[in-house]
Every structure is written in C-alpha cells, then in structure tokens.
Amino acid sequence: DFRILCAQAKTRGMRVVLDGVFNHTGSQSLYFNEDGFYPTLGAAQSQDSPYYDWFSFHPWPQDYDAWWGIKTLPAVREECPGYVDYIIEDDDSIIRRWLRAGASGWRLDVADELPDWFIQKIRAVVEETDPEALLIGEVWEDASTKIAYSQRRRYLQGSELHGVMNYPFRTALLSYLQGGSAQDFREAMETLRENYPPAAVYSAMNFLGTHDTGRILTVLGADHVPQSKDDRAHYRLSPAERAKGAALVKLAALVLFTFPGSPTVYYGDEAGMEGFEDPFNRGGYPWGREDKSLKTWFTLLGKLRLEREELQTGTIRYLHAAGSLLAFAREAGDARSVTVVNAGATPEVLCLPWSGGTAEDLLTGRVFSASSGVLSLRLPPRTGLLLV
C-alpha cells in the first residue's frame, strides 16, 4: 500500500517524490490501449473512448502524434480540458490523489514539452494540496535561460518549478574529472548560481547519473566507447579501468554530497554497477555483489551530509580552482568544512589558508598540522579530503 510505504519512509527521514510523465503515455496504456489489453475502450480502439480527445490522430487510428516520433509513446494534448481535469484540477486528480496518499512531491518528466500554463496549474494545485510538497522539473540546460519551441521558459520565476534536475552540474563535474580544469567547473557553477534564485540553487537535484545517462563508473572508467551498440551492451571494465573509475567516482560523490543542492544517487551507482546508455544502465541491483568500498564511501558521505549543517544550508566559497585541484568551503555560522580534490593522475601540493592549528579529514580521520596560518597538503593522484 502506497500510504504505508510513504509513512514508513517518513519514519526513516525519507520522502517519496513521484515521477509525473504528463506529456505522453504508452501505446499499451489504459488510455490508448492499442493492443486491446484493457477491457475498456482506449483512444486507439474507438472515437467514442473518453480518452480520444487526449490525442491527435491524422487520420485515426493509423497515425498519431508521438513523443519524438516514437510510436509506442503517443503524445498527449495538454490543452484538452478533460486531460487537464484528470491530471490536475479534479477533486481526485492525479496530482491531488497521490499527494493525499503520502507523496511529498512530483518530478515532471520532459518539462520542456509541457506548456508554462500547464506547469503553473500543477504548481498551484500542489501547493493547495500540500504546501510543503516539492515540484521539480527535468531540464537539461540552464533553466533560467532555457528556450524551448521558440519560447523563453519561466521555470524559476516563482509560479512554476521549485527546482530542476541539475544536468549542468553533472556535465561540468564530469568534464573536470575527465581531465578538464577545476576553474571551468567553478565558472560553470558560479554562472548557474548567479542565474538561479537561491532557493532553486539549494533545491537543485544534483546527481552523477540517471536512467537517461551512462553509469557513472563506466563513464569515468572506460578508456574508450565502443562504436557498435552490441559492443556497448557487452562491455565490461577491465580491472585497471574499474580501479580508475572507482577512484574518480569517489571524488565525484565527494563533490556531490558537499555541494549546494540536493544530492541524488541513481540506484546501483553506490554499488558499482556498470553500463553505457539506456538500456544498458538499467540492470538489476547486484544484491550480495555490491562494491563494498564504494558503498561504504557513499554511506559515509550521506552520514556526514546529515550531521553537518553547513553541508546542507551553508554558503560556498572557492579557495582554489585551477588545473586538477579544486577546494571549496561550506560555511554556516561557526560551522565550516572544506572539500579538497586532486582529480589528476599525478601527485599535487596545495597550500590553503587555515586559521586553526590542525585540520582533520572526516573521511579518514587523518590530522594535518598548519604552520603560520597555512595548511600544506600533499595530495596523491585522484584523492579527496573533507577537512574541518
């Protein structure tokens, strides 16, 4: 029972956010019912179907609008009054029903494909039903400058989304970890911080991978990407590739859990799952075969995130960002922590101003001594620290 699931989650400090796919449906869904699986009439079976007006046929039933032309995903006419009522405005609409059942928010799939007025209606009903509920949108670019279908979008102007999926964070972070400059990462993130309202920065859905991207371990570990789909389907990292990938995944997770925003982990990334693009990134969870080192690392970072206020709400201040070296502080009141990363394949030395006499790495328990207000750190290749 969904209500029980949500109640159990809340006792563990968790919330359930549902994925709302409101731009298209499946050709075998109750509403379209192309294969006649359901006993009721779908739009593909009869023009008398209550769902017929939801779709655009030309002519019926052979041809119809579909998401990106994929015929198993018939596109929905959001402007259809019956559809708006069903999804948003009826007393027992999809949005209202599942929030009342215990969901704590919605993630809107392909938000670019939904009209602004449609998202505004969802936002209004979400807040009316549960003022604490979250509304997040799938947007792959800077959401403040996004143009879709020749329209500048209004996602973050206060009447639509609370936050968005932070694909720019993933793009910039992976570029840095794969040999790019820490300065470029900082510039990309500071541009985003300048463009977004503060609430959107801190509610941004930060992640390393999703069901639409390759597995982070494979992306960071593979020395090359096979050309053929069949080769990508069967590709497995060599021991050397996996070791490199695991080291870089740990650094990626360190930044993820200490950066402003909401860290999100795609199932199995913490267990060391491999795979290129969809569908190779959607394997079953490796129960009993998890990468214990990675799982322990992710668990520790999650624990530190929960324990330290500055990692949740603190401001960010960059202390160093050049070449392979990145260091930034998160500060909230008297609480302060410093993330240090050497993403390069060679050792580096980094000197940071430090007011205390010592610095402790929360990841290993190591203690470093400062001298004359300077902390000198010798960083092995592909390593990171979280200093207090």
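Couple of notes before you dig in:
- For the range 264-281, the set of residues classified as farther than 14 Å from Asp291 by Cα and surrounded by fewer than 20 Cβ atoms within 10 Å (Cβ to Cβ) consists of Thr264, Val265, Tyr266, Glu277, Asp278, Pro279, Phe280, listed by residue number.
Condition check ((1) of a type in the set (A, V, I, L, M); (2) at negative phi; (3) touching a strand residue (DSSP E or B) at 6+ places or on another chain (Cβ under 6 Å)) across all residues:
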position	(1), (2), (3)
Thr313	no, yes, yes
Arg317	no, yes, yes
Gly323	no, no, no
Ser337	no, yes, yes
Thr346	no, yes, no
Trp354	no, yes, yes
Thr358	no, yes, yes
Arg382	no, no, no
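- Put simply, of Pro239, Pro226 the only residue that is over 23 Å from Val17 (Cα atoms) and open to solvent by less than 30 Å² (accessible area, probe 1.4 Å) is Pro226.
- Being out of contact with any Gly (no Cβ under 8 Å at 6 or more places or on another chain) and either farther than 21 Å from Asn342 by Cβ or modelled with pLDDT of 95 or more (or both) is a property that Asp291 lacks.
- Residue match in the range 175-184 (condition: closer than 29 Å to Ile95 by Cα, of a type in the set (D, E, K, R) and either without any contact (Cβ under 8 Å) to a residue 40 or more places away in the chain or open to solvent by less than 30 Å² (accessible area, probe 1.4 Å) (or both)): no
- Hits in the range 202-223 (condition: over 21 Å from Arg382 (Cβ atoms) and either open to solvent by 20 Å² or more (accessible area, probe 1.4 Å) or hydroxyl-bearing (Ser, Thr, Tyr) (or both)): Tyr202, Ser203, Met205, Thr210, His211, Asp212, Thr213
- Among residues of the range 125-152, those that are surrounded by 15 or more Cβ atoms within 10 Å (Cβ to Cβ) and over 20 Å from the mean Cα position of the chain (by Cα), counted: 5
- Residue within the range 287-299 that is over 30 Å from Val374 (Cα atoms), of a type in the set (Lys, Arg) and not in a loop (DSSP other than H, G, I, E, B) present: yes
Residue-by-condition table, conditions (1) more than 26 Å from Asn166 (Cα to Cα); (2) outside any helix (DSSP H, G or I); (3) touching a Cys at 6+ places or on another chain (Cβ under 8 Å):
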site	(1), (2), (3)
Cys6	no, no, no
Leu18	no, yes, no
Ser29	yes, yes, no
Gly36	yes, yes, no
Ser46	yes, yes, no
Glu79	yes, yes, no
Leu99	no, no, no
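- Residue check for Trp60: open to solvent by 50 Å² or more (accessible area, probe 1.4 Å) and in contact (Cβ under 8 Å) with a residue 24 or more places away in the chain: no
- Residue check for Thr313: more than 26 Å from Arg242 (Cβ to Cβ), in contact (Cβ under 8 Å) with a residue 40 or more places away in the chain and open to solvent by 70 Å² or more (accessible area, probe 1.4 Å): yes
- The range 18-56: number of residues that are among the aromatic types (Phe, Trp, Tyr) and farther than 27 Å from Asp112 by Cα: 2
The values are calculated or read from the model by the stated rules, or taken from the named source; none is laboratory data. All values derive from a computational prediction rather than experimental measurement. We place every Cβ from the backbone using ideal geometry, glycine too, and count neighbours over all the protein chains shown. Areas reflect the complete protein model, heavy atoms only, side chains present, ligands, DNA and RNA absent. Shrake-Rupley method; radii C 1.70, N 1.55, O 1.52, S 1.80 Å.
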